[in-house]
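Working notes, structure below.
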Amino acid sequence: MPDVKFGGAPPDTRTLYLSDEALRQGLDLLFVAAREASEKSAAPLTDAGLGRAHARALHFIARNPGLSVAELLGFLRVTKQSLNRVLNDLLKNGLVERKTGMQDRRTRRLELTPAGKMLADAVWKAQRPIIAAAFRAAGQDAVAGYRKVMIGIAGDPERWRTKA
């Protein structure tokens, strides 16, 4: 098995925080943190016969009731084919309903059903403790810095900001 390099000694953040190694470690941590948070929600998703792609769709629909399919595509940045597969599963399982838009009848608005809300809540309740503990341990200034970094990576906040 190849020697997997993860993390290692933290770089001297006073002088080398933009070094290639520091940036790579940041990306390592981003991927691993996302994996850990996702793994916490595996049980309720598995019980529903769903996976991580479904969890991401549920999250954004829960945070943005009435989100259009096009807006969800913008959040997730997946192909229409991939999103259709996920949405079809959620619709078939009675977790999401697709409603005709009020202003534009061609638009399909997505909302969680009561069962979908229960599943989204179960996923959040599974993930919340690990996120809250990390934020608590880091402190308010670090959390503010984390948010700045994540917004810097995510780009224009208006593109992805949730309504909730």
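Listed conditions (1) in a helix (DSSP H, G or I); (2) modelled with pLDDT of 95 or more are all met by Arg147, apart from (2). The selection criterion, being in contact with a Lys or Arg (Cβ under 9 Å, 6 or more places away or on another chain), surrounded by 12 or more Cβ atoms within 10 Å (Cβ to Cβ) and at pLDDT below 95, does not hold for Arg161.
Taken over the stretch 101-144, the criterion of being assigned to a loop (DSSP other than H, G, I, E, B) and open to solvent by 60 Å² or more (accessible area, probe 1.4 Å) is satisfied by Met102, Gln103, Arg105, Arg106.
The values are calculated or read from the model by the stated rules, or taken from the named source; none is laboratory data. Everything quoted here is computed from the prediction, not taken from an experiment. Neighbour counts run over all protein chains shown; Cβ positions are idealised from the backbone, glycine included. Side chains included, ligands, DNA and RNA excluded: accessible areas come from the protein's heavy atoms. Shrake-Rupley method; radii C 1.70, N 1.55, O 1.52, S 1.80 Å.
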